[in-house]
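Asker: One structure follows; several queries about it will come next.
Only the coordinates and a few stated rules stand behind these numbers; no lab work does. None of these values were measured; they are calculated from a predicted model. Note that we place each Cβ from the backbone using ideal geometry, even for glycine, and neighbour counts take in every protein chain shown.
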Amino acid sequence: MIIRRKPELTDNDVTDYNLYRQRRKFIQSGFALAAGAMLPLGFDSAVAAGVKFNDLKESPFSTDEELTSLEAITSYNNFYEFGLDKESPAKLSRDFKTRPWEISVNGECHSPMTIGIEDILSEFPMEERIYRLRCVEAWSMVIPWVGFPLAALLKKVEPTMDAKYVEFTTLVDPEQMPGQRRGLFGYVLDWPYREGLRLDEAMNPLTLLSTGLYGEQLPNQNGAPIRLVVPWKYGFKSIKSIVSITLKREQPLNTWQAQASNEYGFYANVNPEVDHPRWSQARERRVGEFLKRPTLPFNGYAEQVASLYNGMDPKKLY
Amino acid sequence: MVLPGTRIDLFGENRLRTLKTFLFIALCMPAATLVFDLVSGALIEPVEELTKTTGIWALRLLLVTLAITPIRKLTGWHKLIRFRRMLGVFSFTYMTLHFSIYLFLDRLLSGEEIFTDLTERPYIIAGFTCFMLCVPLALTSTDRMMRRLGGRHWQRLHRLVYPAAIAAALHFIWLVKADITEPIIYASILALLLGWRLRVFMIKSDRRSGTKRSNNGSGQGSTPVMGQSS
């Protein structure tokens, strides 16, 4: 007989989700009032999926910083498959089909597999992880992700001794993803979008495969149905809408490094002391705030991850 | 009804004044929209949006300003010249807003950051160059300064608008991350506008040297001639 212990009550249990969301609205309307404009706000429910997760575990890795609003998280996106400006992904990904969806996990492993998104959702216990996200463009957010450690998935396929790196690939589907179509001057990026991690980075408990945010399934513009979240690296490492995960012997070439290797590297660890060639990384603007704040080494996760890079030249970790 | 032989003056004095008022209001619209969006809280990233919008309008108006002379010559609507100063001054106004937002809101007046920008970052150097080249043009845009300088000097000084526009186009090309379609479109329009001037200039100098040597030079026919201002 299975005896299930009732989990301890948390704030999430006593605060209704809708109320939780209204709090954000309330703060915003307060701001608008203070700004002297009694105008209706332009935002409505920019939420896409709307499917709620129940029984989310909390995580000791979560920050208690103020969350970025759901409106900002779902309407200010870099997702070039759905257009180049920040507003495009929310608009152009509306009809993106995320069911059925399969992820192939393959390469240097003993039991490669293809797993459907529904199986992932039912098989892996989901947690809420409130992480800072720092974009290479010097803006940042605090996002309550829903997901599970990538390590849990990788352990299932049993990596071989030769597996040193992990490569991730986004879906290619120009029909659905207008940004992947040929433009006036060729392709914007060399599709499919690819990213990579060293195996120990991938196995780090901070590294998350995310299937949701703000307690609901991922909106399309945020990388539905499943994406990577690597909070100590610049946002472009956190690849969206993943269709394949490959264990590799050699370091994979990630899309942005292939595009401009003088500007984007493989490691892309957040580092206020290594500037991007075209702008300073010393400060960042938290979306929703007006002025910039200092950027922290490893985006504030040095305690958990700095040891991964012992003996490496920090200047090479961009 | 219009009697035969009556010329319809599209740009009569009164009508010109009305059109100028409309133009003034129209040119204020991008700024007004920004302020409205800012106050109503519709901007997710206000500083970024302010920077981008003021920058793109500065460039657009600079190109429109540079298009006045070619359009005049090609269509014969000479009174278009009456709108040029307003367009130019508005371009400079948006440029000034753009530069101030960068200085105060983006770089928070950090001398160190601005210094690095100005010494190591080509797109900033280009943008700053454009702005600096435009300052004397804005300062000499009044009737009084025009008179004080005299037409010829004024005109010579205002040729600085060409390098300024090239710097502005480079500023845009160098700052984008991946897709250069949009900046290339602007740069192509500029190339067209400057190319037209170059052609006119070459025909003119060709004709001048032609008449000096002999009379049967090239450059005949109905070619446009550079006016008193461009």
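Asker: If you average 1/r over every pair of different alpha-carbon atoms in the protein assembly as shown and take one over that average, what Kirkwood value in Å do you get?
Answerer: 27.1
Asker: Shifting gears a bit: Which value, in nm² and rounded to one decimal, describes the direction-averaged projected area of the C-alpha convex hull of the range B:1-134?
Answerer: For the range B:1-134, averaging the hull's shadow over all directions gives 11.5 nm².
Asker: Let me ask you something else. Looking at the P(r) of the range A:275-318, how many percent of alpha-carbon pairs lie beyond 11 Å?
Answerer: 74
Asker: Given the range B:69-177 reduced to its alpha-carbon atoms as identical point scatterers, what log10 I(q)/I(0) does the Debye formula return at q = 0.14, 0.16, 0.23 Å⁻¹?
Answerer: For the range B:69-177, the Cα-only Debye profile gives -0.68, -0.83, -1.30.
Asker: Next question, about the same structure. For the range A:195-318, would you read off the P(r) tail past 20 Å as a percentage of all alpha carbon pairs?
Answerer: 49
Asker: Tell me the angle of helix B:46-75 to the major Cα principal axis of chain B, expressed in degrees between 0 and 90 and rounded to the nearest ten.
Answerer: 0
Asker: Taking every pair of Cα atoms in the range A:130-239, average 1/r, invert it to obtain the Kirkwood radius, and report Rg/Rh to two decimals.
Answerer: Rounded to two decimals, Rg/Rh equals 0.99.
Asker: As a test of understanding, state the convex hull volume per residue of the range A:11-317 from its alpha carbons, in Å³.
Answerer: Enclosed volume per residue, from the Cα hull, is 144 Å³.
Asker: So if I take the centroid of the Cα atoms in the range A:257-318 and the same for the range B:34-104, what is the distance between those two points in Å?
Answerer: 35
Asker: Here is a follow-up. Exceeding 21 Å between C-alpha atoms, which entries from my cross-link table qualify? They are A:156/A:237; A:52/A:237; A:237/A:316.
Answerer: A:156/A:237; A:52/A:237
Asker: So how compact is chain B: Cα radius of gyration and Dmax in angstrom?
Answerer: 20.8, 70
Asker: Could you compute how fast the range A:63-166 diffuses translationally, taking Rh as the Kirkwood radius over C-alpha pairs and applying Stokes-Einstein at 4 °C with viscosity 1.567 mPa s? Give it in µm² per second.
Answerer: This corresponds to a translational diffusion coefficient of 79 µm²/s.
Asker: Of B:118, B:130, B:184, which is farthest on the positive side of the dipole of the protein assembly as shown, counting Cα position, with +1 on Lys and Arg Cβ, -1 on Asp and Glu Cβ, and the Cα centre as origin?
Answerer: My answer, from the dipole projection, is B:130.
Asker: How many percent of all Cα-Cα pairs in the range B:95-150 sit more than 18 Å apart?
Answerer: In whole percent, the share of Cα-Cα pairs in the range B:95-150 beyond 18 Å is 44.
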